[in-house]
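Computed from the coordinates by the stated procedures, all read-outs in this text should not be read as laboratory data. Bear in mind the structure is a predicted one, so any value in this text is a computation, not a measurement. Backbone-built Cβ (ideal geometry, glycine too); neighbour counts: all protein chains shown.
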Amino acid sequence: MAVFEKPHALIDVPLHYCPGCTHGIVHRLVAEVIDELGIEGKTIGIAPVGCSVMAYNYFNCDMIEAAHGRAPAVATGVKRADPENHIVFTYQGDGDLASIGMAETVHAAARNENITVIFINNAIYGMTGGQMAPTSLVGQVTQTSPYGRDPKACGYPIKVCEMLSELVGPEYLERVTVNNVKNVRNAKKAIKKAFQNQIDGKGFSLVEVVSSCPTNWGMTPKQALEWIESDMLPYYPLGVYKDRSAEQKEAE
Amino acid sequence: MADKILMKGNEAIAAAAIKAGCMHYFGYPITPQTEIAAYMAKVMPKIGGTFLQAESEIAAINMVYGVASAGKRVMTSSSSPGVSLKGEGISYLAGSDLPALVVNVQRGGPGLGGIQPSQSDYFQSTRGGGHGDYHMIVLAPASVQEMAELTVKGFELADKYRVTSMVLADGTMGQMMEPVSIDDLKVNPAPEKPWATTGTQMAREHNIVNSLSLVPEELEQLNFERYDRYKVIEENETMYEEYKVDDADIVIAAFGIAARVSKNAVDEARKLGIKVGLIRPITLWPFPKAPFKKAAEHAKAFISVELNMGQMIEDVQLAIESKCPVTLCNRAGGMIPDPEQVLNSIKEVNGGIA
Amino acid sequence: MSAKNMLFSGFGGQGILFAGKFIAYKGLIEDKQVSWLPSYGPEMRGGTASCSVIVSDTPVGSPIVSNPDILVAMNLPSLDRFESKVVPGGMIFADSTLIERKVERDDVKVFYIPATKMASDEKLGNLANMIIVGKLLKETGDYTEDGIRAALDKVIPAKRANMKDVNFKAIQMGAEFEG
């Protein structure tokens with residue numbers, strides 16, 4: 001019988017994340033996948049600017065801290081420095097990936113850059129204290145949308161997987177969430193596939209994880225997980241948005 | 001000795017970079033430096049290197065950051081507006097102590113400006129360009145051969161001190177052809193980089209490349225250490241050329257294309273019996289203070305010849321501790337002073353001190 | 001003369017930059033100090049093109065030729081723009097097929113070569129530039145067959161080697177032209 005252990009790829013230190021934040025779950029899933037694939041020694045992770053800025057202190061593999069939004073560009077450099085021997089992943093939030101770093105995201109996907117992107121979508125800027133994100137829902141109250149997000153003034157939340165799925169480039173795009181045990185298991189499967197794709201040389205693989213931010217949403221952890229189900233998922237439906245290899249197989 | 005060939009300055013930079021072992025280039029098209037990208041696009045795929053046209057200058061400098069993190073020689077190039085965009089990345093390179101080479105083939109500004117030669121990014125380059133306390137080593141070539149040599153030097157210094165080197169050229173230097181020998185360039189291979197993020201191979205603690213430090217006492221210490229390193233650079237790596245300075249009453253300060261124009265003017269003025277010389281800084285940072293200070297012991301006046309509204313002149317004034325007047329002889333916005341203008345400035349200054 | 005400061009000018013497509021590059025390479029082969037500096041930017045695309053070429057016994061200072069010893073003008077706007085800049089005693093080589101007017105100055109030596117017509121008569125395509133180069137080399141005393149052949153080897157890529165003889169023929173025609 002397997003005994004519950006901390007993954008080797010996760011360093012045994014206290015995380016700085018707020019109680020109930022799902023970053024911890026996703027960190028663990030990524031670390032478990034790195035362990036299971038046996039790739040820790042050749043993996044280089046890129047941390048973003050945002051709540052997970054200090055992810056470099058948590059993962060046991062080599063880590064790089066990138067400028068805000070630039071992780072896919074930095075990952076491109078690291079990957080191309082030694083494509084045969086480097087496994088490269090970025091770990092980015094919604095502000096980092098879908099606002100300031102949108103160009104880097106789109107172009108890395110368009111190039112089918114052989115990297116893995118873990119995208120945490122919690123519909124808010126956490127680290128700076130709860131401002132409106134490119135993925136904040138219509139009507140969502142934040143520090144910079146105090147009367148609720150008004151589409152007339154600031155448009156509509158961006159559906160990253162749907163948008164990128166229009167590109168010919170990327171290999172694999174899936175949206176998952178971690179609000180219950182079943183969904184956590186699915187999330188892990190997707191993350192593992194996103195790394196396996198890179199090992200197999202298939203190209204750009206992005207997993208969007210719909211996540212919670214109880215602190216800045218002003219909810220208890222449990223309420224936050226429920227809000228994912230009731231408010232986030234109707235706008236951000238779970239599922240595979242692109243899987244080139246599977247589509248090709250089906251076509252054959 | 002290998003045959004000399006005629007090459008554009010931009011091409012010489014690209015060829016020299018490859019000779020220096022740079023196998024990764026990231027760029028974005030902008031006049032007047034695009035020949036560098038074109039050369040790389042042609043050659044890199046044939047030698048197993050990387051040429052990538054990035055989606056922006058911002059992306060390009062961050063790709064450089066990635067390769068530099070992985071411990072390999074890497075470069076990007078651009079012209080003034082594009083280098084402004086790279087400013088963020090250059091600051092991060094400095095904050096993470098990563099070696100890299102950035103080339104700026106300057107054009108007239110500010111804003112979109114023009115495309116003709118300029119030296120108006122002197123402040124931007126020598127003071128860092130991005131946010132925070134840091135310096136780049138700034139190398140200013142004045143010939144196509146120097147474009148090649150200083151490119152190699154730039155990589156070597158970057159690796160030696162874990163800093164970013166910048167080759168600061170201008171549209172003239174980039175576009176002109178002169179004889180150059182790439183095969184004869186001497187290259188020191190890159191040193192070991194145990195700090196690089198190349199994967200732990202499960203054989204060491206993980207490496208972290210990072211510029212974030214939230215404890216001010218620690219961040220201060222990092223700044224102190226970085227500036228200790230800069231001090232060593234100032235002591236050991238300053239480069240300049242002197243021309244007829246020993247007996248000069250008037251000393252011209254000029255770099256790059258301005259130095260070549262000034263040299264003609266010095267020769268003409270000497271024919272008229274005016275004792276004038278030239279100090280050409282080759283490193284703009286660190287600025288060669290010593291030869292200026294020494295020249296100020298006998299010179300009565302200095303002239304700073306620049307393709308801008310007067311930027312290096314401040315460093316000249318500081319170097320000579322304002323012991324004598326410094327006159328600006330300049331053109332801006334993509335215009336280049338001709339030898340006659342410099343000669344007139346020499347005559348005017350000479351009249352003032354006679 | 002210890003240095004020849006030359007300005008080649010015309011419109012895009014006339015091979016102005018190529019002609020300058022050829023002269024620079026010929027200088028390099030003959031152990032001279034040389035520089036070549038083109039005008040660049042939007043004016044290259046269909047507008048005027050020019051390049052500064054310096055061939056010198058001593059190191060080249062400024063590569064910018066504002067007052068040429070030798071001006072090659074292959075269209076009227078170029079002659080209009082640069083005629084007054086030529087140093088007294090200098091030389092002007094003008095393509096008289098495309099430039100109808102005469103040079104106004106009387107303190108320079110002028111050579112009118114109907115180069116564009118000659119090239120077209122002899123089916124030399126767009127080698128009017130090299131016809132003028134031939135005349136220039138002849139009049140400056142730099143016509144050396146070996147140097148010309150060696151320079152052509154440098155400026156014409158191997159895969160277009162068949163162009164070398166045609167270029168040489170154009171240069172020869174220019175040198176033999178008495179106008």
Could you give the radius of gyration (one decimal) and Dmax (whole number) of the Cα atoms in region C:3-176, in Å?
14.8, 45
Residue-by-residue Karplus 3J(HN,Hα) for region A:158-174, coefficients 6.51, -1.76, 1.60, Hz, glycine and proline x:
8, 9, 5, 4, 4, 5, 5, 5, 6, 7, 6, x, x, 7, 8, 9, 9
Alpha-carbon Debye profile of the protein assembly as shown, log10 I(q)/I(0) at 0.06, 0.07, 0.10, 0.11 Å⁻¹:
-0.47, -0.62, -1.02, -1.13
Pull up all non-local amide H partners of B:ASP170: gap of 5 or more, or a different chain, and H-to-H distance under 5 Å with H placed in the peptide plane.
B:GLN106
Semi-axis lengths, Å, region A:1-155, gyration tensor of Cα atoms, sqrt of 5 times eigenvalues
29, 20, 12
Under the 7 Å Cα-to-Cβ spin-label approximation, B:ALA332 and B:GLU242 lie apart by a distance in nanometres of 3.3 nm
Between B:VAL103 and residues 5 or more places away or on another chain, the pairs with built amide H atoms under 5 Å apart involve B:THR76, B:SER77, B:SER78, B:VAL167
What percent do you get for the relative contact order of region C:3-176 when only Cα pairs under 8 Å and 6+ apart count?
21 percent
With helices defined as uninterrupted DSSP H runs, which ones in chain A have an alpha carbon span along their own long axis of at least 18 Å and mean Kyte-Doolittle hydropathy of at least 0.0?
A:23-37
Point-charge dipole on Cβ atoms (K/R +1, D/E -1) for the protein assembly as shown, about Cα centre, debye to 20:
780 debye
With the Cα gyration tensor of region B:5-236 in hand, convert its eigenvalues to equivalent ellipsoid semi-axes via √(5λ) and list them largest first in whole Å.
27, 20, 17
Integer Hz, Karplus 6.51/-1.76/1.60 couplings in order for region B:42-54, x for Gly and Pro:
6, 8, 3, x, 7, 10, x, x, 10, 10, 9, 7, 6
Relative contact order in percent for region B:34-89 (Cα pairs under 8 Å, 6+ apart) equals 35 percent
Magnitude of the Cβ-charge dipole of region A:23-251, K/R +1 and D/E -1, about the Cα centre, nearest 20 debye?
200 debye
For region C:16-37 and region C:150-179, what is the separation of their C-alpha centers, rounded to whole Å?
14 Å
Where in chain A lies the longest segment free of chymotrypsin sites (Phe, Trp or Tyr not before Pro) that are both loop residues by DSSP (not H, G, I, E, B) and have at most 15 other Cβ atoms within 10 Å?
A:5-146
Report Rg (one decimal) and Dmax (nearest whole number) for region B:143-275, counting Cα atoms only, units Å.
21.4, 73
Between B:VAL138 and residues 5 or more places away or on another chain, the pairs with built amide H atoms under 5 Å apart involve B:MET166, B:LEU284, B:TRP285
Counting only Cα atoms, I'd like the Rg/Rh figure for region A:60-138, Kirkwood definition for Rh.
1.01
per DSSP, antiparallel bridges as share of beta bridges in the protein assembly as shown, % nearest 5, sits at 30 percent
Measure nothing fancy, just the Cα-based angle from helix B:256-271's long axis to the longest principal axis of chain B, in degrees from 0 to 90, nearest 10.
20 degrees
Residues of B:254-266, mean number of Cβ from any other protein chain within 10 Å of their own Cβ, rounded to a whole number?
2
Only four residue types carry charge here, +1 at the Cβ of Lys and Arg and -1 at the Cβ of Asp and Glu. Report the dipole size of chain B about the Cα centre in Debye, rounded to the nearest 20.
520 debye
Longest span of chain B, sites excluded, free of GluC sites (Glu not before Pro) in DSSP loop with at most 12 other C-beta atoms within 10 Å?
B:1-191
So how far apart, in nm, are the two label points at B:ASP3 and C:LYS109 if each is 7 Å from Cα heading toward Cβ?
3.2 nm
Compute log10 of I(q)/I(0) for region B:76-175 with the Debye formula, placing one identical point scatterer on every Cα and leaving out solvent, at q = 0.11, 0.12, 0.24 Å⁻¹, to two decimals.
-0.28, -0.34, -1.27
Could you tell me the distance between the Cα centroids of region B:42-57 and region B:153-184, to the nearest Å?
19 Å
Going through region B:202-304, which trypsin sites (Lys or Arg not before Pro) have at most 13 other Cβ atoms within 10 Å and a DSSP loop state?
B:ARG204
Where in region A:168-225 are there trypsin sites (Lys or Arg not before Pro) that are in a DSSP coil and have at most 10 other Cβ atoms within 10 angstrom of their Cβ?
none
C:PHE168 paired with B:ILE353, simple spin-label distance in nm, labels 7 Å along Cα-to-beta-carbon
5.7 nm
At 0.692 mPa s and 37 °C, Stokes D of region B:241-353 from Kirkwood alpha-carbon radius, µm² per second
245 µm²/s
Starting from a Cα-only point model with no solvent, please compute log10 I(q)/I(0) by Debye for region A:23-251 at q = 0.09, 0.11, 0.18 1/Å.
-0.33, -0.50, -1.38
Excluding the sites themselves, what is the longest stretch of chain C that contains no GluC sites (Glu not before Pro) in a DSSP loop with at most 12 other C-beta atoms within 10 Å?
C:1-99
Along region C:15-23, what does the Karplus equation 6.51 cos²θ - 1.76 cosθ + 1.60 (θ = phi - 60°) give for ³J(HN,Hα), rounded to whole Hz, x for Gly and Pro?
x, 4, 5, 5, 4, x, 5, 4, 4
